[in-house]
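Shown next, in structure tokens, is the structure this report addresses.
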Amino acid sequence: SEEEEQRIRQVTIERGKRYSSDWQDHLAQIDIALHTGMRKSEQFGLTWNRAHLDKGKVFLEKTKNGHSRYVFLNARAKAAFMFLKERHVQLGAPKDALVFPGGSSTQWFDNVLEEAGVHNAVWYTYRHTTASRLVMRGVHICHVQEIIGHRTLRMTFRYAHLAAGHLLEAVEKIVPKRRPFFGE
């Protein structure tokens, strides 16, 4: 939920200050996960030569379903990448270096979840959250499929029930605008 997300962000910042950890990197990791829907392996296996920030996308050459795909970056994800890129350039790291050189350890995240009181969540939950939010905000299910990188629409339809509020909106579109209603 949005409330849980805010608690996670707040605890990440507080823990970073308490333990001198790089909480800004952690927030960037969260934003990228939440705003792209990438799988953990896709996110943490990404190299800078695959990030085309000027075009607002990253290229995933090898995904779980065996196909390559582009991940499009909204403003929040792009800002997180730009923050990380600035650090990458400052360090003078090679162009094909990992975006997250520390690897895919999210032990810090498990600790944050516990302290924030968020239960039954793992890093992959962000992928589900991305898909759920897209559907709840009226994004067409085929677009959700492409954004998330599901090979089949059937996988994406797990989220279709979240669009129930938009179904009323959809059926209203067939109401004639010029003809009078029954009984008028």
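Annotation note: of Ala93, Ala116, Ala75, the sole residue that is in contact with a helix residue (DSSP H, G or I) (Cβ under 9 Å, 6 or more places away or on another chain) and either of a type in the set (Asp, Glu) or within 18 Å of Ile13 (Cα to Cα) (or both) is Ala116.
Only a single item in (1) open to solvent by 80 Å² or more (accessible area, probe 1.4 Å); (2) more than 29 Å from Gly16 (Cα to Cα); (3) aliphatic (A, V, I, L, M) is not met by Val89, and it is number (2).
Quick check: is even one residue across the stretch 58-68 surrounded by 13 or more Cβ atoms within 10 Å (Cβ to Cβ) and more than 21 Å from His150 (Cβ to Cβ)? Looking for residues that are surrounded by 13 or more Cβ atoms within 10 Å (Cβ to Cβ) and more than 21 Å from His150 (Cβ to Cβ), one finds none in the stretch 58-68, hence no.
Here is a yes/no grid of residues against (1) in contact with a Pro (Cβ under 9 Å, 6 or more places away or on another chain); (2) part of a helix (DSSP H, G or I):
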| site | (1), (2) |
| --- | --- |
| Gly66 | no, no |
| His88 | yes, yes |
| Pro94 | no, no |
| Pro101 | no, no |
| Trp123 | no, no |
| Arg127 | no, yes |
| Thr130 | no, yes |
| Leu134 | no, yes |
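Condition check ((1) in a helix (DSSP H, G or I); (2) out of contact with any helix residue (DSSP H, G or I) (no Cβ under 6 Å at 6 or more places or on another chain); (3) in contact (Cβ under 8 Å) with a residue 12 or more places away in the chain; (4) closer than 15 Å to Thr106 by Cα) across all residues:
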residue	(1), (2), (3), (4)
Glu3	yes, yes, no, no
Ile8	yes, no, yes, yes
Gly16	yes, no, no, yes
Asn49	yes, yes, yes, no
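Against the criterion of being within 14 Å of the chain's Cα centre (by Cα), in a helix (DSSP H, G or I) and within 20 Å of Leu153 (Cβ to Cβ), Leu34 does not qualify. If you scan the stretch 18-47, which residues turn out to be out of contact with any helix residue (DSSP H, G or I) (no Cβ under 6 Å at 6 or more places or on another chain), open to solvent by 50 Å² or more (accessible area, probe 1.4 Å) and not charged (D, E, K, R)? Tyr19, Ser20, Gln24, Ser41 - these are the residues of the stretch 18-47 that are out of contact with any helix residue (DSSP H, G or I) (no Cβ under 6 Å at 6 or more places or on another chain), open to solvent by 50 Å² or more (accessible area, probe 1.4 Å) and not charged (D, E, K, R). Contact annotation: residue pairs with Cβ atoms under 6 Å, 6 or more positions apart or on different chains, pairing a residue in the stretch 72-84 that is among the charged types (D, E, K, R) with a partner that is in a helix (DSSP H, G or I), are Arg76/Asp31; Arg76/His35.
Would the stretch 111-131 turn up any residue that is among the acidic types (Asp, Glu), modelled with pLDDT of 90 or more and open to solvent by 50 Å² or more (accessible area, probe 1.4 Å)? Among the residues of the stretch 111-131, at least one is among the acidic types (Asp, Glu), modelled with pLDDT of 90 or more and open to solvent by 50 Å² or more (accessible area, probe 1.4 Å), which makes the answer yes. Candidates are the residues of the stretch 132-158 that are open to solvent by 20 Å² or more (accessible area, probe 1.4 Å) and polar (S, T, N, Q); the one that is farthest from Lys62 (Cα to Cα) is Ser132.
The values are calculated or read from the model by the stated rules, or taken from the named source; none is laboratory data. Note that the coordinates shown come from a computational prediction; the quantities given were computed from them, not determined experimentally. Backbone-built Cβ (ideal geometry, glycine too); neighbour counts: all protein chains shown. Each accessible area value is taken on the protein alone, full model and side chains, heavy atoms only, with ligands, DNA and RNA left out. Shrake-Rupley method; radii C 1.70, N 1.55, O 1.52, S 1.80 Å.
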